[in-house]
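Take a look at the structure set out below.
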Amino acid sequence: MSPRTDVEAAGNFLVPNGTFFAELLIFLVVLGVIWFFVVPPIRKVLAEREARVEVTTATAKEASETFAEAEARYESALEKARTEAADIRNQARAQGRAILEEMRGEAQKEADQIVAESTAQLRAEADQVAAELREAVEPLAQDLAGRVLGGNDRARTSAGRQRGRGSA
């Protein structure tokens, strides 16, 4: 049983036949159709998408720069406001201290005035009491002096009392 070579040649897959060339031709036609009709719109969409991405990237970069500038302005304004607030607080404290000192000065003046008035009133009362005591003590002193010197003279004592009252 010897194998036949012509049957084996037809069954050999390494030898190209007509089916192979027909399939190759159909593959090339489909490849050409895809290359000319499908790939260009896809490339166009990809190019548009890439352009949109570039524009978005540029816009994002610009927005980040704008944000950074705005944040810097905000920080600057905030620092300025804090400085102004500190200045206003310091001025208010200084004004408060000045008002407090002024009020203390006025209170001290009023206290000094009240003390002076009280002192003057007390001196006047002391002088009045001293005068009353002199009037009350002088006749007693004369009476006592008269008794000590040995005079029981009632007329003298009453005359002395009248003189003491009249001279005061």
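What follows is calculated from the coordinates using simple rules that are stated; it is not laboratory data. If you're wondering where the values come from, they're calculated on a predicted model, not measured in any experiment. Cβ: placed from backbone, ideal geometry, glycine included. Neighbour counts: every protein chain shown.
Inter-part distance, the range 91-137 to the range 34-65, computed on C-alpha centroids, equals 93 Å.
Take the alpha carbon gyration tensor of the range 21-126, find the square roots of its eigenvalues, order them as a ≥ b ≥ c, and report rounded if a/c is under 1.5; if not, report prolate when a/b exceeds b/c, else oblate. Because a/c hits 1.5 or more and a/b exceeds b/c, the range 21-126 counts as prolate.
Per-residue 3J(HN,Hα) values for the range 52-60, derived from phi via the Karplus relation 6.51 cos²θ - 1.76 cosθ + 1.60 with θ = phi - 60°, read 5, 5, 4, 5, 5, 5, 5, 5, 5 Hz in sequence order (x marks Gly and Pro).
Seen from PHE67, the other residues with C-beta closer than 11 Å to its C-beta sum to a net charge of -2, counting Lys and Arg as +1 and Asp and Glu as -1. Across the range 75-84, coupling constants 3J(HN,Hα) worked out from phi with the 6.51/-1.76/1.60 Karplus curve, θ = phi - 60°, read 4, 5, 5, 5, 5, 4, 5, 5, 5, 4 Hz, and Gly and Pro carry x.
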